[in-house]
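Shown next, in structure tokens, is the structure this report addresses.
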Amino acid sequence: MSLKRIYKQMVPVGVRNRVAGHPWFERLRTQQLVRQGERLAAATVAHGADGRIHVTFVVQRPALWCNHASIYEAMHADPAFEVSVIAVPKRPPAAADVDLAEYARLQAYLNAKGIPFHCGYDLDTRIWINPLTFGLPDVVFLPQPYPFTQSYLYGSDYWSRFCRVAYVHYGIPMADMPEMQYRAPFYRNCWRIFVESPAHRELWRRYNPDLIGHTVVTGHPKTDAYLEPAHTRGLWKRTEAAKRILWAPHFTVSRDKTPHTFSNFFEYFDLFVHCAQTHPDAEFVLRPHPELFEHMVSAGLRTREEAEEYRRRFDALPNGQVYEGGDIFEMFKESDAMILDSLGFLAEYLPTRKPICFLDSSRRQRLNPVGEALLAAYYKAWTPADVEKFICEVVLAGRDVLQGRRMEAMRHNLFLPAAGAGREIAEYVRKNGPVR
């Protein structure tokens, strides 16, 4: 057994975290990891020796696989590529450690999809595994730009020492947070940033013009799901439901007003339970932001038991369910409406052509220009009565008077390439990605 494994098994997690927080320890650890990576890279077969472009996808959670799925599929079908996947856990905001329950769901999801993957985190020893152990790619696609969510081993600072870093934003950006979305140190390490639309590329030009040459407009791979018809896969609790309504709350339930405050979950939870009880012929699906329940616990707003009770109560409804799986776009295609204060779905649900109602409030922050342009074409609810009116008049009665405005907003603000963003990205990497 290695010294590292003995250390992990004998020293309590709390003590390890305190030690790891010291700057001198971080510097030493970083130096060790870089030297380890150099040894692993040196032992790897030279780039291009087999004539293929080696691409690795790092995935953190089931809900984020759709960011890379169509790229992976396009590359997997092309003999010019050799593709691999590494699954890693995520450390949610305000949490002290990684979310192992979600990590287990991620592994189960990839297994169910028949997608081979390596585990970047050892559950038995709680040790992060150096990704270069699994081979040295030409290009790696990373899932998020936030270093606090994972080990240094899976950040852009580390990967960029050994290969080209590519990035697709984990959701079509709607929030107005330029420091996080365009200026974070992560982006300086990116070889290419594949951008959602010409309008989004203009935001890069505005907020970080030094990196505009690293951006390529391809559309977002998430929207490639709409290139295929819906495939019912037993996702619904009531297959005979007259209407299917999705409720997608954001995770920012903290009471303070910050540059990233949108969620009205606590204000509307009881209402959606009531709506499900009032409209038994409709199915209501709670699609929480992947960090919602963990965040309310980590922020001290609810206990673990209270957070789980929200899940249980909604899921126990005969016509309600909590869906946290990775096939959300299949649900989008078969649903009839969405009510939300999550942001990415403002754009990602739009190609369904179905009605969207945004839960507005005085707490929420202004969106970026694309987000505000889309929001102007959507229904808005400020009160529970507004929500019930939207359900009864727009969804159940079918009086969708804003559909024309939504489609016009989509034409001006989204980019949906005919062949799909995944193929666009794969083709770009095929022509420009190999390191020779």
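Computed over the Cα atoms of the range 302-427, what is the convex hull's projected area averaged over all directions, in nm²?
10.4
At 0.36 nm per residue, and after removing the present C-alpha to C-alpha distance, how many nm does the segment from Arg255 to Arg161 gain when stretched out fully?
The Arg255-Arg161 span can extend by a further 29.8 nm.
Let's see if you can work this out: charge +1 on each Lys and Arg Cβ, -1 on each Asp and Glu Cβ, no other charges. What is the dipole magnitude of the range 286-347 about its Cα centre, in debye to the nearest 20?
120
Taking only DSSP H segments of four or more residues, each worth -39500 (n - 2.57), what value at 222 nm results for the chain once the sum is divided by all its residues, to the nearest 500 deg cm²/dmol?
Estimated from H runs of four or more residues: -10000 deg cm²/dmol.
First measure r as the distance between the Cβ atoms of Asp281 and Arg188, then evaluate 1/(1 + (r/R0)^6) with R0 = 41 Å and state the FRET efficiency to the nearest 0.05.
0.15
Pull up the DSSP beta bridges for the chain and report the antiparallel fraction as a percent, rounded to 5.
5
Express the accessible area of the chain per residue in Å², computed with a 1.4 Å probe while the remaining protein chains stay in the model.
Value returned for the chain: 43 Å² of accessible area per residue.
Give a quick list of chymotrypsin sites (Phe, Trp or Tyr not before Pro) in the range 352-412 that DSSP marks as loop, anything other than H, G, I, E or B, with at most 13 other Cβ atoms within 10 Å.
When the chymotrypsin sites (Phe, Trp or Tyr not before Pro) of the range 352-412 are filtered for loop state and at most 13 Cβ neighbours within 10 Å, Trp382 remain.
Run the dipole for the chain about the Cα centre, Lys and Arg Cβ at +1, Asp and Glu Cβ at -1, nothing else charged, and hand back the magnitude in debye, nearest 20.
About 1180 debye.
With 25 Å as the limit, write out which pairs from Lys90/Lys380; Lys113/Lys333; Lys90/Lys237; Lys113/Lys243; Lys333/Lys380; Lys90/Lys431 have Cα-Cα distances beyond it, or answer none.
Correct reply: Lys90/Lys380; Lys90/Lys237; Lys113/Lys243; Lys90/Lys431.
Set the Förster radius R0 to 30 Å, insert the Cβ-Cβ distance between Ala101 and Ala242 as r into 1/(1 + (r/R0)^6), and round the FRET efficiency to 0.05.
According to the calculation, E is roughly 0.30.
Can you tell me the FRET efficiency between Glu393 and Arg35 if r is taken as the Cβ-Cβ distance and R0 is 60 Å, rounded to the nearest 0.05? Working shown, then result.
Numbers: r = 65 Å, r/R0 = 1.08.
Efficiency for this residue pair is about 0.40.
Calculated from the structure, volume of the Cα convex hull per residue in Å³ equals which of (1) 151; (2) 118; (3) 137?
Answer label, from the structure shown: (1).
Of His260, Ala241, Val285, whose Cα points farthest to the positive end of the dipole of the range 235-320 (charges on the beta-carbon: +1 Lys, Arg; -1 Asp, Glu; origin at the Cα centre)?
Going by the charge dipole, the pick is Ala241.
Using only the heavy atoms of the protein chains and a 1.4 Å probe, how would Tyr103, Tyr170 rank by accessible area, largest first?
Putting Tyr103, Tyr170 in descending order of accessible area: Tyr170, Tyr103.
About the Cα centre of the range 299-399, what is the dipole size in debye to 20, counting +1 per Lys and Arg Cβ and -1 per Asp and Glu Cβ, all else neutral?
320
Please list, by residue number, everything in the range 280-306 whose backbone N is under 19 Å from a paramagnetic label point 7 Å out along Cα→Cβ of Phe269.
Of the residues in the range 280-306, 284-306 have backbone N under 19 Å from the label point off Phe269.
Sketch the reach of a paramagnetic label on Arg206 as a point 7 Å from Cα along Cα-to-Cβ, and name the residues of the range 396-433 whose backbone nitrogen lies under 18 Å away.
Only 409-410, 412-415 fall inside the zone, counting backbone N under 18 Å.
Given the protein chains as shown and a 1.4 Å probe, how many square angstrom of Glu427 are accessible, to the nearest 10?
Rounded to the nearest 10, the figure is 70 Å².
Quick one: length gained pulling Glu305 to Phe148 fully straight, 0.36 nm per residue minus the C-alpha distance?
So the extension gain works out to 53.9 nm.
For the chain, which whole percent of the accessible surface, found with a 1.4 angstrom probe, sits on carbon and sulfur atoms? All intermediate terms of the calculation are to be shown ahead of the outcome.
Values: 9960 of 18730 Å².
About 53 percent, which is the carbon plus sulfur part of the accessible surface.
The values are calculated or read from the model by the stated rules, or taken from the named source; none is laboratory data. What you see is a predicted model; the values in this text were computed from it and never measured. Methodologically, a virtual Cβ is constructed for each residue, glycine included, from the backbone with ideal geometry; neighbour enumeration extends over all protein chains shown. Each accessible area value is taken on the protein alone, full model and side chains, heavy atoms only, with ligands, DNA and RNA left out. Shrake-Rupley method; radii C 1.70, N 1.55, O 1.52, S 1.80 Å.
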